[in-house]
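Chemist: Take a look at the following structure, please.
Please treat every number below as a calculation from the coordinates, not as lab data. As the structure is a prediction and not an experimental result, all values here were calculated from the model. Quick reminder, even Gly has a Cβ in these numbers, built from the backbone with ideal geometry, and neighbours come from all protein chains shown.
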Amino acid sequence: MSALTFTLKTQPVQRVDMSPLVCQTLQGLSIADIAAQELQSGKRKFRVDELFTIDGSDAQNIVIKNSIEKLDFIGKELDGGTITVEGDAGAYLGMSMKKGEIKVSGNAGLYAACEMKNGYLEVSGNVGDFLGAALPGNKMGMKGGIILVKGNAGQRVGDHLRRGLILIEGNAGDYCGSRMTAGTIAVMGNTGRYLGYAMRRGTLLLWNAPQLSASFNDCGAHTLAFLPILFNSFKALNSKFADGSVGFNRVQRYAGDMAEIGQGEVLVKLN
Amino acid sequence: MIINGVTIDETFAEAFPMKATRAIITAQNAKWAMIAAQTMTGFATSVIACGCEAGIERVLSPDETPDGRAGVSVLIFAMGGKGLAKQLETRAGQCVLTAPTTALFAGIDSDIKIPLGKNLRYFGDGFQIAKKISGKRYWRIPVMDGEFLTEATTGQVNAVGGGNFLVLARSQPQALAACEAAIEAMRKMPNVIMPFPGGVVRSGSKVGSKYKTLNASTNDAFCPTLKGATKTDLSPNIESVMEIVIDGLTKEDIDNAMRVGIQAVCDLGAAEGIERISAGNYGGKLGPFHFHLQEIMA
């Protein structure tokens, strides 16, 4: 069976809600049924075949071709299977996904993997603000799974992060790890201002020295036993993180945010 | 059956179902991993009074351990899951948490999980940190030498305890030398431990006693000094008997360990004073696992 492929054939004027096109809802449907599904775009509804040409039949393996940044909610609440996006993805990519895998060859917009529960999400380009964050007003962001960003991430990465792993090969914007309650964010590039703002627990793992707020206290240089195990778990990834030479176990440890309960940590690689 | 002049008795060892787990201890170097493992498996020769039977399974090279450091794997056996969990937690807390530079990991996977560091984390007094890596939960507990890293749980499996054989020799030094040879060979086998001191027990027991408060007492039929005073199993030329007890994860593991152990004893043979190999049982009525010596050595 070949992958169920949606090729965008027109440029929608308004943003499109792609949430109906996930593996679990399309499983068992005929091409005609899938074509008749409706996608909300602004105040209008389009049939799927008005926007996309449809090929293939394997609903557990969805490919979206010619994708643009107006396609929102791709892989929303995905519960198994894979979605491959060729091009850019809009906002709320992989929102609340429970299981499965999403890969994007281009960039992704705001709130990618927000409130993600489990699974794997990979973006080859850059992502917007609020990666793996909680939706506005909510208290719990990403709760599990792995996010890999090969480019840069915007502001508020992992806002209210509860559990899971966010890996960023490039830079992260301001307020990275803000208000996180647990979990791990690793940034190979640089980080912006207000790193770990109001974080309660969790780990920010950095390759480059950050600009830290006064509410983070230096705990000294340490060799930590869990780091080799963590780096070892990256080996299966298609990423710089999988390279054995990027790992380390010697870090400068900062505790914070002391303006909160102060049980979070910023670990900075020591050469 | 006679092998190299050693008579293999037509009898069997009788063993019992137990619950078991494996833990992996690592440390800065092999010396400290071994110290922690020896401490954790100390006072664990028999469930009769120790609460569990435990021993060192083998030394692990750095490429075999989760954190890439030198390590030791230990096996712990108990009569029930509850007792096993209690013993594991107590020993992990008092013997591994306390040992410098160590880390503690699960050594066996199973659907049934028992706490390894899950409750030890409270020693961290709120400063402990959980990390879930590749589906496994770890606890980082701040301690005075840095951080104690431990996996939250390990697996509990069904196992077999009480496999055994007796070495009957013409003198005490010859019995001991034969047992030492057997233990050296058996320690190379996976999934088994020989929980008694150095792997050898000189005070094999029988069920019951003339004293009402005791449920086990000396195995007088195999005591050489009682040859003329009790219903003995020993011929006049046997002066010393020693036993090797084996706990294993499966019956096959014990079969294999007994085979290499008995073979090592037989390799010394009658020329080195070994007369017979026998085994301890209770008439086959108590334990469901029977290890027939002649079948094992066939």
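Chemist: For a quick check: sort B:Met40, A:Met18, B:Met79 by the number of other beta carbons within 10 angstrom, fewest at the front.
Modeler: Numbers: B:Met40 26, A:Met18 29, B:Met79 16.
Result, fewest neighbours first: B:Met79, B:Met40, A:Met18.
Chemist: Same structure, new question: For labels at B:Ala229 and A:Gln27 in the simple 7 Å Cα→Cβ model, what's the distance in nm?
Modeler: In this crude spin-label approximation the distance works out to 7.5 nm.
Chemist: Where the only charges are on Cβ atoms (+1 Lys, Arg; -1 Asp, Glu), what is the dipole of the protein assembly as shown about its Cα centre, to the nearest 20 debye?
Modeler: Values: 57 positive and 54 negative charges, 296 e Å.
Dipole magnitude for the protein assembly as shown comes out near 1420 debye.
Chemist: Further question on the same structure: Equivalent ellipsoid semi-axes for the protein assembly as shown, as square roots of 5 times the alpha carbon gyration tensor eigenvalues: give them largest first, rounded to whole Å. Let's see the in-between values first.
Modeler: On the way: eigenvalues 762, 155, 66 Å².
Taking √(5λ) for each eigenvalue gives 62, 28, 18 Å, largest first.
Chemist: Loop only per DSSP, at most 13 neighbouring Cβ atoms within 10 Å: give me the GluC sites (Glu not before Pro) in the stretch A:1-76, ordered by residue number. Please report the intermediate quantities before stating the final value.
Modeler: Values: sites: A:Glu38, A:Glu50, A:Glu69; in loops: A:Glu69.
Within the stretch A:1-76, no GluC sites (Glu not before Pro) qualify (loop, at most 13 other Cβ atoms within 10 Å).
Chemist: Report the Cα centroid-to-centroid distance between the stretch B:116-188 and the stretch A:72-125 in angstrom, as an integer.
Modeler: So the separation of the two Cα centres works out to 42 Å.
Chemist: Could you list which residues have their amide H under 5 Å from that of A:Arg193, counting only those 5 or more apart in sequence or on another chain, with H placed in the peptide plane?
Modeler: A:Asp174, A:Tyr175
Chemist: Let me ask something additional. For chain B, what is the per residue volume of the convex hull drawn over the alpha-carbon atoms, in cubic angstrom? Working shown, then result.
Modeler: Working: hull volume 42.0 nm³, N = 298.
Hull volume over Cα atoms, normalised by residue count, gives 141 Å³.
Chemist: Mark the label point 7 Å from the Cα of B:Thr39 along Cα→Cβ and return the residues of the stretch B:97-139 whose backbone N is within less than 14 Å of it.
Modeler: Inside the label zone: B:97-104.
Chemist: Run the reach check for A:Lys269 against lysines, Cα to Cα strictly under 17 Å, same-chain hits fewer than 8 apart removed. What comes back?
Modeler: Within the straight-line cut-off, A:Lys269 pairs with A:Lys240.
Chemist: Which whole-Hz ³J(HN,Hα) couplings does the stretch B:44-61 yield from phi under the Karplus relation 6.51 cos²θ - 1.76 cosθ + 1.60, θ = phi - 60°, glycine and proline marked x?
Modeler: 9, 7, 8, 5, 4, 9, 9, x, 7, 10, 9, x, 7, 7, 6, 7, 10, 7
Chemist: What ³J(HN,Hα) values, in whole Hz, does the Karplus curve 6.51 cos²θ - 1.76 cosθ + 1.60 give for the stretch A:216-233 when θ = phi - 60°, with x put for Gly and Pro?
Modeler: Residue by residue, the stretch A:216-233 yields 10, 10, 6, 9, x, 8, 8, 9, 10, 5, 6, 5, x, 5, 4, 5, 4, 6 Hz.
Chemist: If amide H atoms are built 1.01 Å from N in the plane of the peptide, which residues on other chains or at least 5 residues away come under 5 Å of the amide H of A:Phe52?
Modeler: Those qualifying (amide H under 5 Å, at least 5 residues apart or on another chain) are A:Lys9.
Chemist: Still on this structure, I have one more. Could you give the radius of gyration (one decimal) and Dmax (whole number) of the Cα atoms in chain A, in Å?
Modeler: Cα radius of gyration and Dmax of chain A are 19.4, 63 Å respectively.
Chemist: Now for a different question. Based only on other Cβ atoms within 10 Å, what is the fewest-to-most ordering of A:Lys45, B:Lys118, A:Lys240?
Modeler: If I rank by nearby Cβ atoms, fewest first, I get A:Lys45, A:Lys240, B:Lys118.
Chemist: Which aspartates and glutamates, on any chain, are close to A:Lys235 with Cα under 19 Å apart, when same-chain ones fewer than 8 places away are left out?
Modeler: A:Glu101, A:Glu122, A:Glu169, A:Asp243, B:Asp63, B:Glu64, B:Asp67
Chemist: Quick check on the stretch B:2-51: take the gyration tensor over C-alpha atoms, sort the square-rooted eigenvalues as a ≥ b ≥ c, and tell me if it's rounded (a/c under 1.5), prolate or oblate.
Modeler: Numbers: a/c = 3.14, a/b = 1.83, b/c = 1.72.
The shape class here is prolate.
Chemist: Can you put B:Thr213, A:Thr203 in order, fewest other beta carbons within 10 Å first? Please report the intermediate quantities before stating the final value.
Modeler: Details: B:Thr213 5, A:Thr203 27.
Arranged by neighbour count, lowest to highest, B:Thr213, A:Thr203 become B:Thr213, A:Thr203.
Chemist: Stokes-Einstein D for the stretch A:30-129 at 10 °C, 1.306 mPa s, Kirkwood Rh over Cα pairs, in µm²/s? Can you show the working numbers first?
Modeler: On the way: Rh = 13.7 Å.
The estimated diffusion coefficient comes to 116 µm²/s.
Chemist: GNM on chain A, C-alpha springs below 10 Å: top fluctuator among A:Ile34, A:Ile146, A:Ile102?
Modeler: Its mean-square fluctuation being the largest, the pick is A:Ile34.
Chemist: Rounded to the nearest 5, what % of DSSP beta bridges with both residues in the protein assembly as shown are antiparallel? Can you show the working numbers first?
Modeler: On the way: 85 of 134 bridges.
Of all bridge pairs located within the protein assembly as shown, approximately 65 percent are antiparallel.
Chemist: When the chain is fully extended, how far beyond the present Cα-Cα distance does B:His292 get from B:Asp63, taking 0.36 nm per residue of separation? Intermediate values should be presented prior to the final figure.
Modeler: Working: separation 229, 0.36 × 229 = 82.44 nm, distance 3.82 nm.
Extra length from B:His292 to B:Asp63 when fully extended: 78.6 nm.
Chemist: Where both partners of a DSSP beta bridge lie in chain A, what percent of those bridges are antiparallel, to the nearest 5?
Modeler: 30 percent
Chemist: Quick one: how many lysine pairs does the stretch B:72-131 have with C-alpha atoms less than 15 Å apart and a gap of 8 or more or different chains? Give me the count, please. Can you show the working numbers first?
Modeler: Working: B:Lys82/B:Lys113; B:Lys86/B:Lys113; B:Lys86/B:Lys118; B:Lys118/B:Lys131.
Lysine pairs meeting both conditions in the stretch B:72-131 amount to 4.
Chemist: With a ≥ b ≥ c the root eigenvalues of the C-alpha gyration tensor of the stretch B:19-157, is it rounded (a/c under 1.5), prolate (a/b larger than b/c) or oblate?
Modeler: Details: a/c = 1.43, a/b = 1.24, b/c = 1.16.
Rounded is the answer for the stretch B:19-157, as its axis ratio a/c remains below 1.5.
Chemist: Can you tell me the FRET efficiency between A:Arg250 and B:Thr90 if r is taken as the Cβ-Cβ distance and R0 is 35 Å, rounded to the nearest 0.05? If you can, show how the numbers build up before the last one.
Modeler: Working: r = 34 Å, r/R0 = 0.96.
For R0 = 35 Å, the calculated efficiency reads 0.55.
Chemist: Next question. Compute, for the stretch A:110-269, the length of the dipole vector about the Cα centre, with Cβ point charges of +1 (Lys, Arg) and -1 (Asp, Glu) only. Units Debye, rounded to 20. List each step's numbers first, then the result.
Modeler: Working: 16 positive and 11 negative charges, 63 e Å.
That gives the stretch A:110-269 a dipole magnitude of about 300 debye.
Chemist: For A:Lys65, put the label point 7 Å out on the Cα→Cβ axis and report which residues of the stretch A:77-112 keep their amide N under 18 Å from it.
Modeler: A:83-89, A:103-106
Chemist: Which cross-chain or sequence-distant (5 or more) residues have an amide H under 5 Å from the amide H of B:Ser240, H modelled 1.01 Å from N in plane?
Modeler: When sequence neighbours closer than 5 places are left aside, the close amide H contacts are B:Ala169, B:Ser171.
Chemist: Could you run the Karplus curve 6.51 cos²θ - 1.76 cosθ + 1.60 with θ = phi - 60° over the stretch A:186-197 and give me ³J(HN,Hα) per residue in whole Hz, x for Gly and Pro?
Modeler: 10, 10, 7, x, 9, 10, x, 7, 6, 4, x, 4
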